[in-house]
Amino acid sequence: MASAMPLVLLLLCLLVTDTLGSRCVLFRSTDDSGASPPSNAACPSITSGHSNGNKVPLVHRLSPCSPLSGSGVQKHGKAALAEILHRDSLRMRYLSEVKAAAATTTVPAHSPAPATPNVISSLPGVFTYTALAGYGTPAQQFPVYFDVSGMSNLQCKPCSSGSGDGTCDRAFDPSRSSTFGTIPCGSPDCAVELQTSSCASRGSCTFTFRNSTFLYANGTVVTDTLTLTPSAIFEDFFVGCLQADNQFFFDDGVAVGNIDLSRRRHSLGTRALLSSPTGTAAFSYCLPADTDNHGFLTIAPAMSDYSSLAGVKYLPLVTNNPTAPDWYYVDLVAISINGKDLTFPPDEFSGNGTFIDNLSYFSYLSPLIYAALRDEFRRAMAKYQPAPAFSDLDTCYNFTGINYIELPEITLKFGNGETMDLDDRQFMYFFRDHLDDGFPFGCLAFAAYPTVGYNWLGTQVQRTKEIVFDVRGGQVAFVPSRCGLR
């Protein structure tokens, strides 16, 4: 009889969903602390660096398959909620400062001033998904992160004086590459890449860089060959060569740099477009659903690959954002819960677009939009016991003793008429922190952004979807059922 109970609950869930129109979710164990991490044999394409065509494996930084080795101990498990929120707050602060600097035009994101220490340099960074990439000729292979909001950077030799922990041993060595080049200070490429018309000397294109971890470093803009797969090779690829120890050092490993996927002139996304035929997107990615799975980054996928798939949502890119025009925005215009549109002033979606971020975990909305979402969600969840807020997540519930729950339908609506229904993987966060009885708490995976007019979609909303950045076609496609589920 006990073995039949899950089937009974499933049938009850289906009945509730059919009659009430809400979403029914069966609880099952999410405690993977006793799970065996996959062996290297389960991820040979990641650990060896081999890839399938133009598809590069992506893994979470805490995955046992991650190339981030640190001291040689592979970490395994899920990030605690407090850590996720802390990383999100760092990301939020960084993006806010970039936007503020662009709006005032008095503090460029990349300054020619000498580097200065920063008191928060010891805090963890916000990069999450990593892959292997080669730079130079012959290629020197490194673990790198990917970002959609800034220039590409690598830790380079010679390193500045630092901790002496050996991290410089993993840095890119320009002296070993036959195709290494520098950019002159007066070059137009220097001004474009640094977003400033001057640099620190009359020699090479030098700068001080502030990246998403809030660390400062002196650097030089250089070019060399970037190798992602045997068929995805980019000559004269621009990076910022950073002379700094521990620039990308975190408590769970060492990455040598990050690769820019934004719409900047010398980004990987732009280079992929310039070298690919009409009818191809710049790139796509599928973010790993958890630390036990891996996703992928595809360079220049053919848009025809998606034409016969059901359920693909094509959303126009918004390209008129004045403060960060090189980021990726979509025209989110409304949100509904159980078919009811939320009520808020129409200018809250200001027309500058909603940012698609690949680093922050949760999604953040302008205060009035979030308040409308929160209040309607709470009304739909009124029969469940509220739980205390957890930092920015202020709509939480205690589901102790409950085998299944009914969740409302949440739908995102876009300016071209497309709608996207979210499932529980995308709008609910279930966690077991500080619990002794093993029953889950759950929170709405949205929060308020402190500044009016700023909205962005984090990685949880993107789970289970392949996100295709068709820059040439002026659209972003959300492709269902292309990624591993939890």
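One line per residue, one yes/no per condition, for (1) at pLDDT 70 or above; (2) open to solvent by 10 Å² or more (accessible area, probe 1.4 Å); (3) under 30 Å from ALA289 (Cβ atoms):
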position: PRO108; (1), (2), (3): no, yes, no
position: PRO117; (1), (2), (3): no, yes, no
position: GLY125; (1), (2), (3): no, no, yes
position: ASP147; (1), (2), (3): yes, no, yes
position: LEU154; (1), (2), (3): yes, no, yes
position: SER160; (1), (2), (3): no, yes, no
position: CYS168; (1), (2), (3): yes, yes, no
position: ILE183; (1), (2), (3): yes, yes, no
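Restricting attention to the stretch 435-486, the residues that are in contact with a strand residue (DSSP E or B) (Cβ under 9 Å, 6 or more places away or on another chain), at pLDDT below 75 and open to solvent by 20 Å² or more (accessible area, probe 1.4 Å) total 5. Please state which one of GLY473, GLY442 is touching a residue at least 40 places away in the same chain (Cβ under 8 Å) and within 26 Å of SER307 (Cα to Cα). Only one candidate passes the filter, namely GLY473.
Suppose we filter PRO316, PRO288, PRO322, PRO277 for residues that are surrounded by fewer than 20 Cβ atoms within 10 Å (Cβ to Cβ) and under 28 Å from ILE410 (Cα atoms); which single one remains? Matching residue, one of PRO316, PRO288, PRO322, PRO277: PRO316.
Scanning the stretch 371-403 for residues that are of a type in the set (Phe, Trp, Tyr) and either buried (at least 18 other Cβ atoms within 10 Å of the Cβ) or part of a strand (DSSP E or B) (or both) turns up PHE377, PHE390, TYR397, PHE399. Residue check: is ASP424 open to solvent by 10 Å² or more (accessible area, probe 1.4 Å) and closer than 24 Å to ILE84 by Cα? Yes; evaluated as a whole, the condition is true for this residue. Out of (1) closer than 23 Å to GLN475 by Cα; (2) crowded, with 21+ Cβ neighbours inside 10 Å, the odd one out for GLY351 is which? Among (1) closer than 23 Å to GLN475 by Cα; (2) crowded, with 21+ Cβ neighbours inside 10 Å, the lone unmet condition for GLY351 is (2).
The values are calculated or read from the model by the stated rules, or taken from the named source; none is laboratory data. All figures in this text were calculated on a predicted structure; none of them were measured in a lab. Ideal geometry is used to build each Cβ from the backbone, glycine not excepted, and the neighbour counts take in all protein chains shown. Remember, those area values only see protein heavy atoms, side chains included, never the ligands or the DNA or RNA. Shrake-Rupley method; radii C 1.70, N 1.55, O 1.52, S 1.80 Å.
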